[in-house]
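J.: My questions all concern the structure below.
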Amino acid sequence: MMFFRNYFAIFCFLFFSIILSTIIFFLSFFLSAKLDDVEKLTAYECGFNPFSDSRTEFDIKFYIVAILFIIFDLEVSFLFPWALTLNKITFFGFWSMVLFLIILTVGFIYEWKKGALEWE
């Protein structure tokens, strides 16, 4: 009985969140417009028309920019824990991250000079 008393609030939260999310899902499914329009059928995010032959040539620029964004986004995510523990890390921890940032900056400058970030 003690188990149910301790976890009753969690069970209530889980129950209400499942019920509410189910209601919202089905309401949006039944109340939304399901007509295809010109905007839905146009190319978006991928850079080429998705309803053509799969063997056609396409511009690789979008994928290069997307990969570069993911790489820099993941590398910058290392800065957050470093910034939180900056007053507790050692001399080696500080300078290793400074070296990491220098390498990251050199890579960014290299990509910029090569024109990988320019959209034509």
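The values are calculated or read from the model by the stated rules, or taken from the named source; none is laboratory data. Since we're looking at a predicted model, the values are computed, not measured. Neighbour counts run over all protein chains shown; Cβ positions are idealised from the backbone, glycine included.
J.: Could you list, in sequence order, all residues of the range 64-92 that are part of a helix (DSSP H, G or I) and surrounded by fewer than 13 Cβ atoms within 10 Å (Cβ to Cβ)?
T.: Those that are part of a helix (DSSP H, G or I) and surrounded by fewer than 13 Cβ atoms within 10 Å (Cβ to Cβ): I67, F69, I70, D73, L74, V76, F80, P81, A83, L84, F91, F92.
J.: State the number of residues belonging to the range 91-107 that are in contact with a helix residue (DSSP H, G or I) (Cβ under 7 Å, 6 or more places away or on another chain) and within 27 Å of K61 (Cβ to Cβ).
T.: Of the residues in that region, 1 qualify.
J.: Conditions first: (1) modelled with pLDDT of 80 or more; (2) over 25 Å from the mean Cα position of the chain (by Cα). R55 passes all but one, so which condition is the exception?
T.: (1) is the only condition that R55 fails.
J.: Assuming Y44 fulfils every condition listed in (1) surrounded by 10 or more Cβ atoms within 10 Å (Cβ to Cβ); (2) modelled with pLDDT under 75; (3) of a type in the set (S, T, Y) apart from one, which condition is it?
T.: (1)
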